[in-house]
Amino acid sequence: MASIRKVLTTVLSGRSDMNIRFADLRRILSALAFVEHIKGDHHIFTRQGAVEIVNLQPLPGGKAKPYQVKQVRQMITKYGLSIGKQP
């Protein structure tokens, strides 16, 4: 697996939304203090202080869906989140 900071940089750049691994996107959200609930193949993430929820489902082959990567990027920028920063 790639370094979490490297993956976060890639997600924030917006240049490789189709190439983000689902497991790496989950790791980013966990590092950003999101709480994960799993129902079937739906991974639902919530965070204190964030109104929105993030609902992720993996693609075959272990990749994240590009539109879901974009949603995560938008939440990170909207709330000014960074790794190690608490709500």
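The values are calculated or read from the model by the stated rules, or taken from the named source; none is laboratory data. Being a predicted model, the structure only gives us computed values, none of them experimental. Ideal geometry is used to build each Cβ from the backbone, glycine not excepted, and the neighbour counts take in all protein chains shown.
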>> Quick check on my filter: what residues within the range 39-53 are surrounded by 13 or more Cβ atoms within 10 Å (Cβ to Cβ) and closer than 12 Å to TYR79 by Cβ?
In response: ARG47, ALA50, GLU52
> Does the range 24-38 contain at least one residue that is surrounded by fewer than 16 Cβ atoms within 10 Å (Cβ to Cβ), part of a helix (DSSP H, G or I) and either charged (D, E, K, R) or modelled with pLDDT under 95 (or both)?
Replying inline: no
> Residues of the range 26-58 being farther than 19 Å from ILE83 by Cα and either among the polar types (S, T, N, Q) or in contact with a Lys or Arg (Cβ under 6 Å, 6 or more places away or on another chain) (or both), which ones?
Replying inline: ASN55, GLN57
> If we keep just the residues of the range 54-77 that are basic (Lys, Arg) and either under 10 Å from the mean Cα position of the chain (by Cα) or assigned to a helix (DSSP H, G or I) (or both), which is nearest to HIS42 (Cα to Cα)?
Replying inline: LYS70
